[in-house]
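Student: Sharing a structure below in structure tokens format, with a few things to ask.
The values are calculated or read from the model by the stated rules, or taken from the named source; none is laboratory data. What you are looking at is a predicted structure, and each value in this text was computed from that prediction instead of being measured. Here Cβ is always computed from backbone atoms with ideal geometry, including for glycine, and neighbour counts include all displayed protein chains. Calculation scope for accessible area: heavy atoms of the full protein, side chains included, ligands and nucleic acids excluded. Shrake-Rupley method; radii C 1.70, N 1.55, O 1.52, S 1.80 Å.
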Amino acid sequence: MLSLIEYASKDEKTTHIMFVTESCIPITTLDALATFLRTKGSYSHNGERLFCSFMDAYSRDSPRCTRFDEHSCFQIKNIPSDAIYKALPGWCLLSRKHATQVLALPESFGGKDLYPLFEKVWAPEEVFFPTALSLVGVLPGEEVVGKSIMFAKWDERARGQERAHPLVYDGSFSRALVLKAREQGCFFMRKFKRAVDVRDWETMISVQVDSSQEQGPSKKRLRDEDAEDNTQSSGTNNSRTR
């Protein structure tokens, strides 16, 4: 992933880098995403507008930190425990500035590559990038928006490693699902194991979302929707993979 960042950064026009996989799909147009990043995805610094990164990260002191997290994600040698963060979902959006800082991070550690320290971490990309932003001093802070633009949900009733796998939406991709994701400020969605018909996809992404809705619904509504996701997906995700 670091090689991809380095390659993407060679293009001077690159302003952001978004991590996705074959199980992710966009649920909006590039124009809509660009407009969002220019307006709600930036901050003012010394009279200049700078872009933010987006990731929903938490530390080991957060109520979100599970026993599984504690044993599989937050025990990394040679990194201060209060600097370790985990992002869910791990497919985050980095601004060019932050991506460059992550690439330059080894210079602060005597030229040593930090990624090997994460080899024994479960889903290392979920921990490496937020921890890297913590080490360069921007997380937590106004430069990193504490939310993901990737729509992904987990079965809260699952335990152990099973809880680490997101719900699969094969067979349930619908206009209503896209609208719900867009109302939460998401522009990508996962997880899909099977292909989505392009014609259906074109119809779905034509969903129009009011800008006020895109700020995100209430916490209660999110909890209700998560419960609905868990109910609808029970029995269909017994063989989930990352």
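Student: Where a ≥ b ≥ c are the square roots of the eigenvalues of the C-alpha gyration tensor, would you call the stretch 41-135 rounded, which needs a/c under 1.5, or, failing that, prolate if a/b is larger than b/c, or oblate? Intermediate values should be presented prior to the final figure.
Tutor: On the way: a/c = 2.21, a/b = 1.38, b/c = 1.61.
Since a/c reaches 1.5 but b/c is at least a/b, the shape of the stretch 41-135 is classed as oblate.
Student: Greater than 25 Å separation of Cα atoms is the criterion. Which listed pairs, 97/120; 147/191; 40/86; 13/112, meet it?
Tutor: Values: 97/120 28 Å; 147/191 18 Å; 40/86 23 Å; 13/112 29 Å.
Violating the 25 Å Cα-Cα cut-off are 97/120; 13/112.
Student: Report the extension gain between residue 83 and residue 70 in nm, rounded to one decimal, defined as 0.36 nm multiplied by the number of residues separating them, less their alpha carbon distance.
Tutor: Values: separation 13, 0.36 × 13 = 4.68 nm, distance 1.39 nm.
Roughly 3.3 nm would be gained on extension.
Student: What accessible area per residue comes out for the stretch 13-122, rounded to a whole number of Å², with a 1.4 Å probe? Before the final figure, lay out each step's value.
Tutor: Working: 6060 Å² over 110 residues.
Per-residue accessible area for the stretch 13-122 comes out at 55 Å².
Student: Specify whether the C-alpha gyration tensor of the stretch 1-89 places it in the rounded, prolate or oblate class, a ≥ b ≥ c being the square roots of the eigenvalues: rounded for a/c under 1.5, otherwise prolate if a/b is larger than b/c and oblate if not. Could the numbers behind the result be given before it?
Tutor: Working: a/c = 1.86, a/b = 1.66, b/c = 1.12.
Because a/c hits 1.5 or more and a/b exceeds b/c, the stretch 1-89 counts as prolate.
Student: Residue by residue through the stretch 170-180, what is 3J(HN,Hα) from phi via Karplus (6.51 cos²θ - 1.76 cosθ + 1.60, θ = phi - 60°)? Round to whole Hz and write x for glycine and proline.
Tutor: Computed from phi, the couplings for the stretch 170-180 are 4, x, 10, 5, 8, 4, 5, 5, 5, 4, 4 Hz.
Student: Hey, another quick one. Give, in nm to one decimal, the length gained when the segment between residue 31 and residue 3 is fully stretched (0.36 nm per residue of separation minus the Cα-Cα distance). Kindly include the intermediate steps, with their values, before the conclusion.
Tutor: Details: separation 28, 0.36 × 28 = 10.08 nm, distance 2.66 nm.
So the extension gain works out to 7.4 nm.
Student: Residue by residue, what Karplus-based ³J(HN,Hα) values in Hz, rounded to whole numbers, does the stretch 29-42 have, using 6.51, -1.76 and 1.60 with θ = phi - 60° and x for Gly and Pro?
Tutor: Running phi through 6.51 cos²θ - 1.76 cosθ + 1.60 with θ = phi - 60° gives 8, 5, 5, 5, 5, 4, 4, 4, 5, 6, 9, 8, x, 9 Hz.
Student: OK, next. Could you calculate the FRET efficiency of residue 38 with residue 193 from 1/(1 + (r/R0)^6), where r is the beta carbon distance between them and R0 is 51 Å, rounded to 0.05? Don't skip to the end; give the middle numbers.
Tutor: Values: r = 34 Å, r/R0 = 0.66.
For residue 38 and residue 193, the calculated efficiency is 0.90.
Student: In whole angstrom, note down how far apart the Cα centers of the stretch 106-157 and the stretch 26-81 are.
Tutor: Cα centroid to Cα centroid, the span is 8 Å.
Student: Taking 0.36 nm per residue of separation and subtracting the Cα-Cα distance, what length does fully extending residue 10 through residue 175 add?
Tutor: On the way: separation 165, 0.36 × 165 = 59.40 nm, distance 3.71 nm.
In short, 55.7 nm is gained.
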